[in-house]
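These notes concern the structure reproduced below.
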Amino acid sequence: MSRLKFKSILCVMDFSTPSADLSEYLREGITSALLESSSFKIVSRKEIDKIQKELDFQASGYVSDESAISICKRLGAQYILVGDLRELNNAYNLRVKLLGVETAEYVMYKTYSIKRSMETEQLLGNASTYKKCDLGLMAEANKNSVSAISPGVGISFAYNVTKKITAGINVILSYDFAFKEKSIFSLEPLAFFRFYAVSPTGEPCSGMFIQADVGAEIIFVGNDSNCVFDGGGAIGYKKNFNSFYIEGYLRGGYPYIFGGGIGLGMSF
């Protein structure tokens, strides 16, 4: 841009993206940055829309380079800034092109790599809605045993309160197979509260999470039973696949001490 003459007149057109919100966001951001430099004159959006209507082009959205040049000629602009955004390898490529209006030659052509984030997904409309409920099964190994590691199975229901906060219930049944004298089962109904701390893809209710658990543990020893307080915390990682999910976790607390497992289920 430093090669342009001082106070050159520029048209900043809508970028070609999958979302009108993202196109507007890019255009406004670039226009603001150019105006802050005080080195260029920027044709207003109102004037561009007016010429688009006169030439029977769509009043908003992306038009071809040739059509954009035709619009900018009518406005007396010397240069035009256009571009597009494409998804590639779990990221986005933003191509920015600066053309001379009279010659249609490239003055600048640059490509920028943009990582997926919550902001990009919201602007693209991918994160505007999300599944509200999860229902799944769990399998784990834990220390609900006198002298060994107990296998456990469970069922989980979760309600996604926001894109980062989930509340739900886990019910886990464990069996102490190492104790031969009597059969020992542990039943843990636990309420949990989860916060998604990191989501590499920007997808709601996914990625690395931290979790607090509170509830009871009912211990069945033969024909006897005893109920104690159960509480602790967990860390894990959840991956969504449209209407399905899979997650892994490690948990620790009282009285089970530690445990770890996987969960999978459906989101709706």
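The values are calculated or read from the model by the stated rules, or taken from the named source; none is laboratory data. These numbers come from a predicted model, not from an experiment. In this analysis, Cβ positions are derived from the backbone assuming ideal geometry, glycine residues included, and neighbour counts consider all displayed protein chains. Quick note on the areas: whole protein, heavy atoms, side chains included, nothing else; ligands and nucleic acids left out. Shrake-Rupley method; radii C 1.70, N 1.55, O 1.52, S 1.80 Å.
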Original post:
Does PRO151 satisfy being farther than 18 Å from CYS227 by Cα, open to solvent by 30 Å² or more (accessible area, probe 1.4 Å) and assigned to a strand (DSSP E or B)?
Top reply: yes
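Please verify whether ASN223 is open to solvent by 20 Å² or more (accessible area, probe 1.4 Å) and either in contact with a His (Cβ under 7 Å, 6 or more places away or on another chain) or not acidic (Asp, Glu) (or both), treating the condition exactly as stated. Working first, answer last.
Numbers: open to solvent by 20 Å² or more (accessible area, probe 1.4 Å): yes; either in contact with a His (Cβ under 7 Å, 6 or more places away or on another chain) or not acidic (Asp, Glu) (or both): yes.
So ASN223 fits the description; yes.
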Original post:
Can you spot a residue in segment 101-113 that is crowded, with 16+ Cβ neighbours inside 10 Å and basic (Lys, Arg)?
Top reply: no
**OP:** Filter segment 146-183 down to residues that are under 27 Å from PHE209 (Cβ atoms) and out of contact with any strand residue (DSSP E or B) (no Cβ under 7 Å at 6 or more places or on another chain) and give me whichever is modelled with the lowest pLDDT.
**Re:** LYS163
**OP:** Return the pairs, sorted by first residue and then second, in which the second residue is open to solvent by 20 Å² or more (accessible area, probe 1.4 Å) and β-branched (Val, Ile, Thr), the first residue lies in segment 12-34 and is touching a residue at least 12 places away in the same chain (Cβ under 8 Å) and part of a helix (DSSP H, G or I), the beta carbons are less than 8 Å apart, and the residues are 6+ apart or on different chains.
**Re:** LEU22/THR120; SER23/THR17; LEU26/THR17; THR31/ILE42; LEU34/ILE42
Original post:
Within segment 204-219, how many residues are open to solvent by less than 80 Å² (accessible area, probe 1.4 Å) and either assigned to a strand (DSSP E or B) or at pLDDT 95 or above (or both)?
Top reply: 11
**OP:** Output the residue which, of all residues in segment 114-145 that are open to solvent by 40 Å² or more (accessible area, probe 1.4 Å), within 17 Å of SER199 (Cβ to Cβ) and part of a strand (DSSP E or B), is modelled with the lowest pLDDT.
**Re:** LYS115
Subject >> Residues being open to solvent by 60 Å² or more (accessible area, probe 1.4 Å) and either among the hydroxyl-bearing types (Ser, Thr, Tyr) or closer than 23 Å to GLY125 by Cβ (or both) - total across segment 5-46 >> reply: 8
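Residue check: is ARG86 in contact with a strand residue (DSSP E or B) (Cβ under 6 Å, 6 or more places away or on another chain), surrounded by 15 or more Cβ atoms within 10 Å (Cβ to Cβ) and over 22 Å from PRO204 (Cβ atoms)? Spell out the reasoning first.
Working: in contact with a strand residue (DSSP E or B) (Cβ under 6 Å, 6 or more places away or on another chain): yes; surrounded by 15 or more Cβ atoms within 10 Å (Cβ to Cβ): no; over 22 Å from PRO204 (Cβ atoms): yes.
So ARG86 does not fit the description; no.
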Original post:
Checking SER156 against (1) polar (S, T, N, Q); (2) under 15 Å from ALA139 (Cα atoms); (3) not in a strand (DSSP E or B), which test does it fail?
Top reply: (3)
Original post:
Are there any pairs with C-beta distances below 7 angstrom linking a residue in segment 226-247 that is closer than 19 Å to PHE157 by Cβ to a residue that is of a type in the set (Asp, Glu) and modelled with pLDDT under 95, with the two at least 6 apart or on different chains, and if so which?
Top reply: ASN240/GLU203
Original post:
Taking segment 139-177 on its own, how many of its residues are touching a Ser or Thr at 6+ places or on another chain (Cβ under 6 Å) and small (Gly, Ala, Ser)?
Top reply: 4
Original post:
In segment 164-203, what residues are assigned to a loop (DSSP other than H, G, I, E, B), in contact (Cβ under 8 Å) with a residue 24 or more places away in the chain and either surrounded by fewer than 22 Cβ atoms within 10 Å (Cβ to Cβ) or not polar (S, T, N, Q) (or both)?
Top reply: LYS164, ASP176, PHE177, ALA178, PHE179, LYS182, SER183, PRO200, THR201, GLY202, GLU203
